[in-house]
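A short write-up of the structure that comes next.
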Amino acid sequence: MDSFPMVIEPGVDSPLVDLGAVPLAVLRELDSAALRRSLGHVVEQTRYVLVSSESSTTRRIG
Amino acid sequence: MPDQGDLSFPVFAVHRLAWADFDRLARGGGGAAVVEQLRRAERSRRLLLLRALVDEVTKNPGLSGPLPSPEPAWELLVRVEEKSPAVLDLMLAHPYTGSWVGYTTRLLRDGITGVCPIWVHVGHVHALAAAAAIRAGLPFQAELPVWQGGAMLPTLGLARLPSGSPWSVAWVHAVPGEATVSNAMAAVRLPRDPASDGPGWLGIRRLTVRSGSRTLAVRLDDLDPYRGLYEPVPPQRLDDHDADSWRLLLRRAWRLVVHCLPDIAEAMCAGLDSLVPQPAAPFRQPSASTGEAFGSAIIAMPADAPSLAATLVHEFQHIRLGGLMHLAPLYREDDRERFYTGWRDDPRPIGGVLQGVYAFFGVTAFWRALAARSLGSLDRRAAFEFALWRGETWRTLRVLHDDAALTQAGRRLVDGIAGVLDQWQGEPVPADLVRDAESVAADHYAGWRIRFLRPDPPTVATITNGWLAGRPRLDAISPPTDRDPTPVPDGPWSRARADLIRLRVAESSTAMSEAWPSIPDATAADYAYASGRFAQAELGYRRELAAGADLPAAWVGLGLALAAQGTGPAGRALLAYPELVRAAHRRIRAITPRAPDPVGLADWIGRSVR
């Protein structure tokens, strides 16, 4: 049977593994290099928390 | 360890965003579809952090303190997923699941204690699982951390329990349709609708507002300890009157967002979950968000619906960009605070600037659309804000575009914003409002310069010596740039002139004349300037400088008043490089007993800098 090659639109690839189809019960036991890389990535990412705080001006109150 | 080709170890796909969607987001679009992609990535991110946290605590049982290990919480979440996957998704999507797991991960990684003992933060996983199980209608028992007598069930509410200690443990017991939180001294039964209050129970209020086919449903969360920016915070309960005010304002604001920016409204329905109310701040609309709490905006009680609508758009832009930045780095880490922006009084690092550009791009879009809707009294206010923010955002975006710290994706984002924002620069706005917007922008920029830039000492010495020698002018001095600001401001700042102009534009000259004494830091000279009495303003600022020769707001006010009366070198110098004029003035005062005339010195420097 012929199969069509999957066409992937060009875009941004994240180091974040997609766990959308992985049940929690499975996730607890999973181990692989890809998972460990992704775990390391998100833990490292928590070093940089971007907080946005701007006081825009507005109308008078009261 | 095998990774591919062994079926016991799945090959994971990674989250990705097609450039077409990236570009839609960059242009301020993308609707709900792109937000859903960001949400799916956030879900995976939070699951990974949760897994890492449970792994870590399981290896170090002491981290659980008096609570059980996180394993039973994970098992409870497994049951929730089996019974009701949507509930698990809701709990993972809850903004403060993200901020809690991020915060606790940092504590564990750095081996430090946070606001509470580590077991309280780690133990929040039990609260998360318990809230999920209650939502799913599962029978279960669990133990929860209690902080200052409050046992939090995220997304639901907080049980108040008497406790002799700042941190303790409570039990939760649930059967379908009924849940009780208790300790040795009291028991609190959750109301049938946990969003309502009951004896010992504070429910998280829900706000649901509709406009046409668009429904926005958010929690008004004044309870969750992880709703803040940096550290856990205690509950700050709104009274019912304020909660009703929020409901009313949100209804009106939502109508404006839906009518003005339908695409963003669609996206907001999919991506905004929670508002954290804060007390009102007169003449300001403070708001904030953090990248870890995707879906949450911290907003001070707004003055009116347009303010809230603009702020919702503003914060939602931050939320979307925060989600995107978890997928793709947009800049290389660089914490140096080196940029001017028109929306902050202090120099900003590249990350904050990029966030601000995207947020104020949205704000500009909102006011532009509102100005085009011809709403009578709102027309002039909207047109003024549009003129101001299109200019301020464009100014910063142009500087940002060429910065070496941007990644390829970051530059693509900036290009996408620029493609839209550029087209707005020439759109017609009434000339007097353009002048007002330019005045507010010039005021802010000069105020930033005079406080954060330190002039080159040899240049100041050259100017001082030339002035004291009585030379008619100097050989050409190059205009100083605004690079390399210092982090410490040289003097206080006042936003009074901008507040006065906004008041006049949004309401009337009469309203301004009645209210100006109550505006923080406003002086008679500021009032004269905002009223268009520029000569009187000049005189007033001269007096202010005679009384306090270092006052940044008086130097800049003098520059504005002079520039409004003509295009002479003094006004130009005081708005383009006020730090140089003030530094020379200071040095001359230090050398000679008599202070030079500020206008004379500014004029002389203005004729020398070319």
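The values are calculated or read from the model by the stated rules, or taken from the named source; none is laboratory data. What you see is a predicted model, and the numbers here were worked out from it, not measured in a lab. Virtual Cβ from ideal backbone geometry, glycine too; neighbours counted across all protein chains shown.
Here are a few things to note about the model shown:
- Unmet criterion (only one of (1) touching a residue at least 40 places away in the same chain (Cβ under 8 Å); (2) under 30 Å from residue B:20 (Cα atoms)) for residue B:305: (2)
- Test: residue in the range B:462-472 that is exposed (fewer than 12 other Cβ atoms within 10 Å of the Cβ), among the hydroxyl-bearing types (Ser, Thr, Tyr) and outside any loop (DSSP other than H, G, I, E, B): no
- Only one of B:506, B:525, B:530 that is at pLDDT below 95 and surrounded by 22 or more Cβ atoms within 10 Å (Cβ to Cβ): B:506
- Total residues in the range B:493-511 satisfying the condition of being of a type outside the set (D, E, K, R), out of contact with any strand residue (DSSP E or B) (no Cβ under 9 Å at 6 or more places or on another chain) and part of a helix (DSSP H, G or I): the figure is 9.
- Test for residue B:286: is it assigned to a loop (DSSP other than H, G, I, E, B) and touching a residue at least 12 places away in the same chain (Cβ under 8 Å): no
- The set of residues in the range A:25-35 being in a helix (DSSP H, G or I), facing another protein chain (nearest Cβ under 7 Å) and free of Cβ contacts under 8 Å to residues at least 12 places away in the same chain consists of A:25, A:27, A:33.
- Residue match in the range B:171-183 (condition: surrounded by fewer than 15 Cβ atoms within 10 Å (Cβ to Cβ), on the phi > 0 side of the Ramachandran plot, in a loop (DSSP other than H, G, I, E, B) and in the same structural domain as residue B:234 (by TED's automatic domain parsing)): yes
- Listed by position, the helices (runs of 4 or more DSSP H) contained in the range B:77-129 that have at least 3 residues being of a type in the set (Phe, Trp, Tyr), in contact with a Phe, Trp or Tyr (Cβ under 8 Å, 6 or more places away or on another chain) and touching a residue at least 24 places away in the same chain (Cβ under 8 Å) are B:95-110.
- Residue in the range B:14-60 that is surrounded by the most Cβ atoms within 10 Å (Cβ to Cβ), counting only those that are of a type in the set (S, T, N, Q) and in contact (Cβ under 8 Å) with a residue 12 or more places away in the chain: B:44
- Here the range B:274-293 is the region considered, the condition is being more than 7 Å from chain A (Cβ to nearest Cβ) and out of contact with any His (no Cβ under 8 Å at 6 or more places or on another chain), and the residue that is nearest to residue B:98 (Cα to Cα) is B:293.
- Among (1) over 16 Å from residue A:30 (Cβ atoms); (2) within 12 Å of another protein chain (Cβ to nearest Cβ); (3) at pLDDT 95 or above - the single one residue B:5 does not satisfy: (3)
Residue by residue, here is whether (1) more than 7 Å from chain B (Cβ to nearest Cβ); (2) under 16 Å from residue B:43 (Cα atoms); (3) at pLDDT below 90 holds:
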{"site": "A:23", "(1), (2), (3)": "no, yes, no"}
{"site": "A:37", "(1), (2), (3)": "yes, no, no"}
{"site": "A:41", "(1), (2), (3)": "yes, yes, no"}
{"site": "A:60", "(1), (2), (3)": "no, no, yes"}
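- Any hit, the range B:396-414, residues being away from chain A (no Cβ under 14 Å), surrounded by 21 or more Cβ atoms within 10 Å (Cβ to Cβ) and closer than 20 Å to residue B:257 by Cβ: no
- Residue match in the range B:595-609 (condition: assigned to a helix (DSSP H, G or I), within 19 Å of residue B:479 (Cβ to Cβ), touching a residue at least 24 places away in the same chain (Cβ under 8 Å) and polar (S, T, N, Q)): yes
- Residues of the range B:310-360 that are in a helix (DSSP H, G or I), more than 26 Å from residue B:15 (Cα to Cα) and more than 11 Å from chain A (Cβ to nearest Cβ): B:312 alone.
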